[in-house]
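Beneath this line is the structure, given in structure tokens, with notes to follow.
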Amino acid sequence: MELFLMAITTGIMVGSIYALVALGWVLIYKCSGVLNLAMGEMTLIGAYVSLSFYSMGIPFLPALFLSLIIGLILGILTERIFLDKLIGEPVLTVIMVTVGLSFFFKGMVELIWGTDTRVFTPPVFSIEPVYIGPVIVGQAYLWSFVAAIILLIIFVCFFKYTRWGLAMQATADDEMAALSIGVSARFVYAAAWAIAFMAAGVGGTLLGNINGLNISVGYLGLLVLPAVVLGGLNSVPGAIVGGIAIGILQNLAGAYLDKYFPGGIKEIAPFVFMVVFLLFKPHGLWGWERIERV
Amino acid sequence: MSTTWLPCGVYHQNYAKDHAWWQTKFIKGKMIMLFIILFVVIPLFADSYCLSVCNQVGYTILGALGVQLLIGFCGQITLGHAAFIAVGSYTSTLLILEFPWPKIMMDYGIAYPLSIIIAAVVAGLWSVLFGLPSARVKGFYLILTTMAAQFITVDFIITQYVSQIGGRGQAFSLPPGTIKVGPWIIDSDFKVYFMMLVLVIFCVIIMVNLLRSRVGRAWVAIRDNDISAEVMGINVVKYKLLAFFVAGFIGGIAGAFWISNLAAISPEHFPWFWSLWLVGVILIGGVGSIHGTIFGSIFMVVVMEVLQLAIMPLADIYPKLLMDFLFIKEAVFGLAICLFMMFEPNGLAYRWWQIKNYFNLWPFSY
């Protein structure tokens, strides 16, 4: 029972980070229709930038803030340089550009920061565990959870109540109608990439705090895919639920199945689950079912 | 196939001629020249380094053919093809190492060719298994399931379980002399080169022949619009799975061939990067064209070799560069894909077609 509770709690906490990154992914897809496979490398860049600032001696929160600003700039640049020209191109073209981007980013990260595991020194969160009832949780997990939830709330409020957020929602809903009432679609695309880059950066930083930072944090970007498939590609609540569900699933698999399938079951379980899930529910939980006509 | 340009006054009287391979004397002469260059000139004059580059090109062509079939001709985007190459490779290796071949079969060099065929079939069936979701999902979702194929096959099954067979640890090394085709022991780049040529030509012939038959037309119909293909009476699921099988089959041949060039195989030879690399190759070469597969393979391998040659002298000054070459390679590959997609979305095959058209009407292009 305790093992079960542990797995669930850790799952929810890690899952909230996945949810944050998945939110960025869904945002890009909703606003501009780009299926982004470079999400993992975007998390890497954000994480390494904030780590660099942190190791320069800047306190954690300002360092995170600075990395957000850099994420904003990089997001806008990426959209303007690479994706802007590809609006309306076939799916494969756009996907492969994001794959190309992911290799480009990854190569650059490896060139600049190397491949060794780096940790935030001094540790940002103290290593004293916290006891919630019978469950023991690391402080890094707990604070990551809190940070991810706060950011998720901020993002959701941004979409619901601000002018820019409403413009983005309008574009996602119907691009033509949004254009005709004076929403600038190009601005919305750039904003979506900027926000996704920032969300990914925060997610990467939080994960880097938990396990240390190396190239494998970019694997998170692949885990986002099962999460968004579970929730439906174009649903923001779906992304959040999917992210948390994938986090829980991963930890449960790690806790219970590791005995029977030693090795990488924790990494593989989300993908196996995704394939099976797709067979039964190809549009996810809350995705739009498009009717195709010849 | 009838896009072949014909000189004035040459007409076809029947469909068979219209679909013939070598329709004019000029094309026939050109192809014979190509074969002479491939079989005589290159082996005679190329040194071992050039041959090894050629072998890499051949391996890339074999791998990319299956991806081209799935993406370019059947419209099923796959990002996990390295998994099927890995299955072919491991099946062949395990058959050679573990299967109790009768001594006479080893002596006459039948074991390895036979294992290639079995490996190809196994890889094809494995590919069909992961193609099954294509009956229900398409587009981006299919991409995800093929990605899952890569992670499940290579990172989990092969790394965790298959590699443990026989207790050899991570890498399977093939003792010298086990890779034997007929009377020849494949142990040098020179011999691998000939084997590569035979297999590449064989696979290209399979592909071209399939594409100009009913099967190929069905695949192209599915690519263009699967709903209208179904309305026309094509069994979509059957042909999609057939496409997966053939792609896996050719991938299996590629994998089983490549063990002749590797002293030892390990899961690191088939990373996800390699799947994406193959997709990049066909995108750069041109989607939906056999020429494109070959051009793309040559282009990517040669560019990477040139990059390496360019960086090596610099490495004396900056030793760090040697270590970073892999990362530079990744970044250049990524950038190349992005730039090709943005500025040359039809790939090298389209450029080739344009050049041919220009010279067909040269010097009066109107």
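The values are calculated or read from the model by the stated rules, or taken from the named source; none is laboratory data. Here the structure is a predicted model, which is why all the values come from computation and not from measurement. For neighbour counting, all protein chains shown are included, and Cβ atoms are generated from backbone atoms with ideal geometry for every residue, glycine included.
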*asked:* Regarding the stretch A:222-234, can at least one residue be identified that is away from chain B (no Cβ under 14 Å), in a loop (DSSP other than H, G, I, E, B) and either surrounded by fewer than 24 Cβ atoms within 10 Å (Cβ to Cβ) or of a type in the set (S, T, Y) (or both)?
replied: no
*Do any residues in the stretch B:218-230 that are within 12 Å of chain A (Cβ to nearest Cβ) and within 15 Å of B:G139 (Cβ to Cβ) have Cβ atoms under 8 Å from those of residues that are buried (at least 22 other Cβ atoms within 10 Å of the Cβ) and at pLDDT below 95, where the two are at least six apart or on different chains, and which pairs are they?*
B:R223/B:G72; B:R223/B:F73; B:R223/B:C74; B:R223/B:G75; B:D224/B:G75; B:D226/B:G75
_Residues of the stretch A:254-293 classified as within 12 Å of chain B (Cβ to nearest Cβ), out of contact with any Gly (no Cβ under 7 Å at 6 or more places or on another chain), small (G, A, S) and in contact (Cβ under 8 Å) with a residue 12 or more places away in the chain, total_ = 1
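Considering every residue within the stretch B:164-178, establish whether at least one is outside any helix (DSSP H, G or I) and either modelled with pLDDT of 90 or more or among the acidic types (D, E) (or both). Walk me through how you get there before you give the answer.
Looking only at the stretch B:164-178, we keep the residues that are outside any helix (DSSP H, G or I), and these are B:168-178.
Those left that are additionally either modelled with pLDDT of 90 or more or among the acidic types (D, E) (or both): none.
No, the conditions are met nowhere in the stretch B:164-178.
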*Residue match in the stretch B:298-307 (condition: at pLDDT below 85, out of contact with any Leu (no Cβ under 8 Å at 6 or more places or on another chain), over 29 Å from A:E89 (Cβ atoms) and not hydrophobic (A, V, I, L, M, F, W, C))*: no
*Is it fair to say B:I157 is touching a residue at least 24 places away in the same chain (Cβ under 8 Å) and farther than 25 Å from B:F35 by Cα?*
no
_Can you tell me how many residues within the stretch A:9-31 are within 14 Å of another protein chain (Cβ to nearest Cβ) and among the hydroxyl-bearing types (S, T, Y)?_
1
*Of these, A:L44, A:L27, A:L37, A:L23, which one is crowded, with 23+ Cβ neighbours inside 10 Å, at pLDDT 85 or above and in contact with a Gly (Cβ under 7 Å, 6 or more places away or on another chain)?*
A:L44
_Tell me the residue from A:V99, A:V124, A:V109, A:V130 that is under 24 Å from A:R186 (Cβ atoms) and in contact with a helix residue (DSSP H, G or I) (Cβ under 6 Å, 6 or more places away or on another chain), please._
A:V99
*Of everything in the stretch B:318-339 that's within 14 Å of another protein chain (Cβ to nearest Cβ) and more than 25 Å from the chain's Cα centre (by Cα), which residue is surrounded by the most Cβ atoms within 10 Å (Cβ to Cβ)?*
B:D324
*Consider B:L276 against the criteria (1) touching a helix residue (DSSP H, G or I) at 6+ places or on another chain (Cβ under 7 Å); (2) over 17 Å from B:Q150 (Cα atoms); (3) not charged (D, E, K, R): it satisfies all of them except one. Which criterion is unmet?*
(2)
*asked:* Can you pull out every residue in the stretch A:111-126 that is over 18 Å from A:T205 (Cβ atoms) and crowded, with 19+ Cβ neighbours inside 10 Å?
replied: none
_Residue in the stretch A:45-95 that is nearest to the chain's Cα centre (by Cα), counting only those that are within 17 Å of A:W25 (Cβ to Cβ) and within 14 Å of another protein chain (Cβ to nearest Cβ)_ = A:I45
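One line per residue, one yes/no per condition, for (1) closer than 30 Å to A:L285 by Cα; (2) within 14 Å of chain A (Cβ to nearest Cβ); (3) of a type in the set (A, V, I, L, M); (4) without any contact (Cβ under 8 Å) to a residue 12 or more places away in the chain:
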| site | (1), (2), (3), (4) |
| --- | --- |
| B:P100 | no, no, no, yes |
| B:Y108 | no, no, no, no |
| B:P113 | no, no, no, no |
| B:A123 | no, no, yes, no |
| B:L132 | yes, yes, yes, no |
| B:A149 | yes, yes, yes, no |
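Consider the stretch A:101-125. How many of its residues are in a helix (DSSP H, G or I) and either of a type outside the set (D, E) or on the phi > 0 side of the Ramachandran plot (or both)?
Start the filter on the stretch A:101-125 by keeping residues that are in a helix (DSSP H, G or I), which leaves A:101-113.
Okay, now just the ones that are also either of a type outside the set (D, E) or on the phi > 0 side of the Ramachandran plot (or both), so A:101-109, A:111-113.
Qualifying residue count, the stretch A:101-125: 12.
So is B:A247 in a helix (DSSP H, G or I), buried (at least 18 other Cβ atoms within 10 Å of the Cβ) and over 14 Å from the mean Cα position of the chain (by Cα) or not?
Working: in a helix (DSSP H, G or I): yes; buried (at least 18 other Cβ atoms within 10 Å of the Cβ): yes; over 14 Å from the mean Cα position of the chain (by Cα): no.
Spelling it out, it is not the case that B:A247 is in a helix (DSSP H, G or I), buried (at least 18 other Cβ atoms within 10 Å of the Cβ) and over 14 Å from the mean Cα position of the chain (by Cα).
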_Unmet criterion (only one of (1) within 25 Å of B:V279 (Cβ to Cβ); (2) without any contact (Cβ under 8 Å) to a residue 60 or more places away in the chain; (3) surrounded by 14 or more Cβ atoms within 10 Å (Cβ to Cβ)) for B:A315_ = (1)
*Can you tell me which residue within the stretch B:159-182, out of those that are in contact with a helix residue (DSSP H, G or I) (Cβ under 9 Å, 6 or more places away or on another chain) and within 11 Å of chain A (Cβ to nearest Cβ), is farthest from A:G221 (Cα to Cα)?*
B:S163
*Mind checking whether some residue in the stretch A:277-289 is at pLDDT 80 or above and within 18 Å of A:L222 (Cβ to Cβ)?*
yes
